[in-house]
1. Would you pull out the residues with amide H under 5 Å of LYS74's amide H, same chain only if 5 or more places away, H placed 1.01 Å from N?
2. When you count, for each residue, the other Cβ atoms within 10 Å and take the mean per peptide, how do 52-60, 20-28 rank with the highest first?
3. Can you tell me the order of 75-84, 88-97 when each peptide is scored by its average per-residue count of other Cβ atoms within 10 angstrom, highest first?
4. Provide the per-residue ³J(HN,Hα) series for the range 67-84, in order, calculated from phi with Karplus coefficients 6.51, -1.76, 1.60 and θ = phi - 60°, each as a whole number of Hz, with x at glycine and proline positions.
5. Beyond a 24 Å Cα-Cα separation, which of these cross-linked pairs lie in this structure: LYS69/LYS92; LYS9/LYS99; LYS4/LYS99; LYS74/LYS99; LYS74/LYS96?
6. At 0.36 nm per residue, minus the direct Cα-Cα distance, what do TYR79 and ARG62 gain on full extension? Give it in nm, one decimal, please.
7. State the extension gain, in nm to one decimal, for the chain segment bounded by LYS43 and SER6, taking 0.36 nm per residue of separation less the distance between their alpha-carbons.
8. How would you rank 34-41, 65-72, highest first, on the average number of other Cβ atoms within 10 Å across their residues?
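A short reminder: the numbers here are calculations on the coordinates, not readings from a lab. Not measured: the values here are computed from a predicted model. Neighbour counts run over all protein chains shown; Cβ positions are idealised from the backbone, glycine included.
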Amino acid sequence: MASKGSVNKVILVGHLGRDPEVRYTPNGDAVADVSLATTEYYKDKKGDRIEKTEWHHLVMWRSQAEFAKEWLKKGQLVYVEGRLQTRQWEDKEGQKRSKTDIQVGQITTLGAFIGKNKSDDAPGKDDSAAKTGDEEIPF
């Protein structure tokens with residue numbers, strides 16, 4: 001439970017950097033990992049357009065992981081809500097490591113599929129974006 005006055009919430013809209021990788025815990029729970037790119041554009045002092053991409057590691061559990069396995073594909077535009085979680089461990093050489101993940105609470109597909117389609121009736125599919133060609137992929 002969050003303490004009074006504390007919020008840990010992330011909202012992202014971006015493109016998937018790869019197909020989800022799904023594995024299963026010893027007790028059978030599905031876990032999906034996928035990278036998400038968010039890109040911002042701005043002009044520098046010279047007026048040149050600058051592109052800056054941030055990469056985020058998403059983690060989905062159970063039914064969301066199964067959804068990811070079935071419907072999410074590299075290049076797809078998605079809306080994500082979740083929370084930050086930092087994990088710490090020691091590697092084989094004894095070095096301390098840490099990684100901050102987005103623990104996904106909600107994920108929604110936006111726009112058209114880019115790349116291979118699983119099915120024409122995929123959730124969140126919208127053919128209008130495909131026709132206009134307005135989507136920019138950061139990779």
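1. When sequence neighbours closer than 5 places are left aside, the close amide H contacts are ASP19.
2. Ranked from most to least packed, the peptides come out as 52-60, 20-28.
3. Per-residue Cβ counts within 10 Å, averaged per peptide and sorted highest first, yield 75-84, 88-97.
4. Residue by residue, the range 67-84 yields 4, 4, 4, 7, 10, 8, 9, 3, x, 6, 7, 9, 9, 10, 10, x, 9, 7 Hz.
5. In this structure, LYS69/LYS92; LYS4/LYS99; LYS74/LYS96 exceed 24 Å between Cα atoms.
6. Going from the current span to full extension adds 4.3 nm.
7. Length difference between fully extended and current span is 9.8 nm.
8. Per-residue Cβ counts within 10 Å, averaged per peptide and sorted highest first, yield 65-72, 34-41.
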